[in-house]
1. Name the single residue that is farthest from the chain's Cα centre (by Cα) among those in segment 76-113 being in a loop (DSSP other than H, G, I, E, B) and touching a residue at least 24 places away in the same chain (Cβ under 8 Å).
2. Being modelled with pLDDT of 75 or more and buried (at least 17 other Cβ atoms within 10 Å of the Cβ) is the filter here, so list the residues in segment 92-127 that pass it.
3. Does residue 25 satisfy being modelled with pLDDT of 70 or more, in a helix (DSSP H, G or I), more than 53 Å from the chain's Cα centre (by Cα) and farther than 30 Å from residue 91 by Cα?
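The values are calculated or read from the model by the stated rules, or taken from the named source; none is laboratory data. These figures come from a predicted structure and were not determined experimentally. Virtual Cβ from ideal backbone geometry, glycine too; neighbours counted across all protein chains shown.
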């Protein structure tokens, strides 16, 4: 039997001892004398560092906060686009999500995509028109002919009541 097959770890150590001084000399001869950490030199290095500092300390946080806020407003925008009847509540949940570190945001997202079945049972529709141009006019702003006639008739009746005459006396009913 060969001694190297009986003790494989020992033979490897002996081989390393034989070649290690030569290997170290070869590595030292092949290594460069100066290491270059950057492709820039002198003033260009200072300018690149200044620009990178501004980007890291100012631009990146502003962009990050902007993207974070835009993502948190998405459920509200989706609910408004789908004419969800609870858009204001979804908006409130999105704002609360900002204060709770985004933990409520998935709930707002699911709520924005849900169909309001109970709302449909109660009101007959599951969509509500949002916005001023699509909304119904407020009471009192719409003045149709019928409404004008009714107001005129009420004014006539109030005037007669003050005078003491009745509709039966004048012949109008």
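1. The selected residue is 85.
2. Scanning segment 92-127 gives 93, 94, 97, 104, 105, 108, 109, 111, 112, 116.
3. yes
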